[in-house]
Amino acid sequence: MSRMKLMVGSCFAVVFALLAWGCAGTARNATAPVNAATGQHPAAWIQNHWAEYVKSPDQCRACHGSTADPAAAGGISKVSCFTCHTNGVNHPAGWADPAQHGKAAKLAPSTNPTAMAGFAHCAKCHGTTFSDGLAVSCKSCHTKAPHPGMPWHGTTASLTNHITTDISNAPECYKCHAGGANSTIKPVTPAPAGTAPGCTNATMCHGRDF
Ligand code: HEC
Ligand code: HEC
Ligand code: HEC
Ligand code: HEC
Ligand code: HEC
């Protein structure tokens, strides 16, 4: 084979790979990002695979089998989602109960695939605004916010209350509460621009005075 032919051939291969990659990145129900030559996922896939899953869960089932039933999981790739997501990627029964999902949302955010914890974690599937994701909008029940309505400050132990929210959720709260937005409480002296979101540092509702 001449040098020229080889070059043309490899150029076509590159163009084809780029086209396939471009389609996988944008279209729904497209082929998942798998390198056709190596049959492997791209680098940093462990950190990013969820984003492709939420675009179109079906594209993963083609090679990985069921994402809901451990006995039917694995598929032709022989990699089951359940090897890492030991409780599955779906919610357990009774999850609509605020004592389950509400409590979990208030925990420190987690990147552990076996844990369902923290608002940032919920946002991966329920959407960055909690109403624009793969999963049902939080506002389908809560109507106004991705949490109980005002004042979300129950005065008995059995009532829901925001004060037991782990402080590391602050960047998620900041999306809607920067400078005291969507709240009746605003800081007397707002924190300087660029201050990291916190619950009592005048970036959101409460100042040092609390
Ligand atoms: C064309 C077949 C195919 C499709 C479609 C596919 N995968 Fe895979 N997947 C594989 C193969 C083969 C492996 C094992 C080799 C590897 O790690 O790249 C694998 C491995 C994985 C792993 C483990 C990686 C590791 O480092 O251990 C994850 C996570 C994963 N896939 C998630 C997904 C998700 C999520 C989707 C849908 C967006 C998906 N896959 C779609 C074939 C596929
Ligand atoms: C090799 C282990 C491994 C396998 C196999 C795996 N995952 Fe994951 N998954 C992870 C890790 C680790 C994270 C957390 C990633 C992060 O945030 O950095 C994650 C996160 C996710 C998330 C985001 C929500 C959450 O619970 O963290 C989804 C959705 C998800 N994976 C779907 C899937 C699906 C669907 C499959 C099977 C096709 C799969 N995963 C297979 C390790 C795995
Ligand atoms: C891996 C994706 C994923 C993650 C992460 C996730 N959810 Fe969901 N959620 C779903 C899907 C899909 C549904 C709809 C199907 C179902 O009920 O399982 C749902 C449904 C729900 C429902 C309605 C349940 C019902 O029975 O009506 C609530 C409440 C909920 N999620 C809260 C949360 C909270 C809070 C978090 C974070 C702690 C979270 N979810 C994280 C995917 C996810
Ligand atoms: C997607 C937007 C959004 C996010 C994210 C969000 N909130 Fe809200 N929040 C609202 C809206 C809208 C209201 C007003 C609800 C109403 O009118 O009943 C509200 C009201 C509140 C109230 C009542 C305020 C008052 O004056 O009585 C509290 C407390 C609160 N949020 C805490 C939080 C905390 C803590 C977080 C983070 C864990 C958070 N919010 C995340 C939108 C959001
Ligand atoms: C199927 C209906 C439903 C859906 C969907 C839903 N919730 Fe709830 N949630 C409730 C109910 C009911 C309560 C308790 C009502 C109250 O106190 O106002 C509650 C309470 C909560 C609480 C307060 C827990 C506490 O102890 O203070 C949080 C936080 C919360 N939900 C977060 C979320 C998030 C985040 C989502 C979306 C990922 C979501 N919810 C979706 C029904 C739902």
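The values are calculated or read from the model by the stated rules, or taken from the named source; none is laboratory data. Worth saying up front: this structure is predicted, and the values here are computed from it rather than measured. Virtual Cβ from ideal backbone geometry, glycine too; neighbours counted across all protein chains shown. When the accessible area is computed, the model is the full protein with side chains, heavy atoms only, and any ligands, DNA or RNA have been set aside. Shrake-Rupley method; radii C 1.70, N 1.55, O 1.52, S 1.80 Å.
Residue-wise HN-Hα couplings along region 131-147, as the Karplus relation 6.51 cos²θ - 1.76 cosθ + 1.60 with θ = phi - 60° gives them from phi, are 9, 9, x, 5, 8, 3, 5, 4, 6, 5, 10, 7, 6, 9, 9, x, 6 Hz; Gly and Pro carry x. Each Lys or Arg adds one and each Asp or Glu subtracts one; over the other residues with Cβ under 15 Å from the Cβ of V34, this totals +1.
With the Kirkwood sum run over all distinct C-alpha pairs, region 59-105 has a hydrodynamic radius of 11.6 Å. Normalised by residue number, the volume inside the convex hull of the Cα atoms of region 98-180 is 100 Å³ per residue. Under a 5 Å amide H cut-off, with hydrogens placed 1.01 Å from N, N161 pairs with G154 among residues at least 5 apart or on other chains. Per-atom-type breakdown for region 35-87 gives carbon and sulfur 62% of the accessible area (1.4 Å probe, protein chains only). A Cβ-based charge dipole, computed about the Cα centre of region 81-210 with Lys and Arg at +1 and Asp and Glu at -1, lands at about 140 debye. Here r is the Cβ-Cβ distance between S110 and S77 and R0 is 25 Å; the resulting FRET efficiency, rounded to 0.05, is 0.45. Taking a straight line from the alpha carbon of K186, these aspartates and glutamates sit under 14 Å away, with near neighbours fewer than eight places off in the same chain left out: D209.
Extension gain for the segment T156 to Y174, taken as residue separation times 0.36 nm less the Cα-Cα distance, is 3.8 nm to one decimal. In terms of distances greater than 30 angstrom between alpha carbons, the cross-link table entries K78/K103; K78/K139; K55/K78 yield K78/K103; K78/K139. Remark on A73: its backbone amide H falls under 5 Å from those of S66, a criterion applied only to residues 5 or more positions apart or on other chains, H modelled at 1.01 Å from N.
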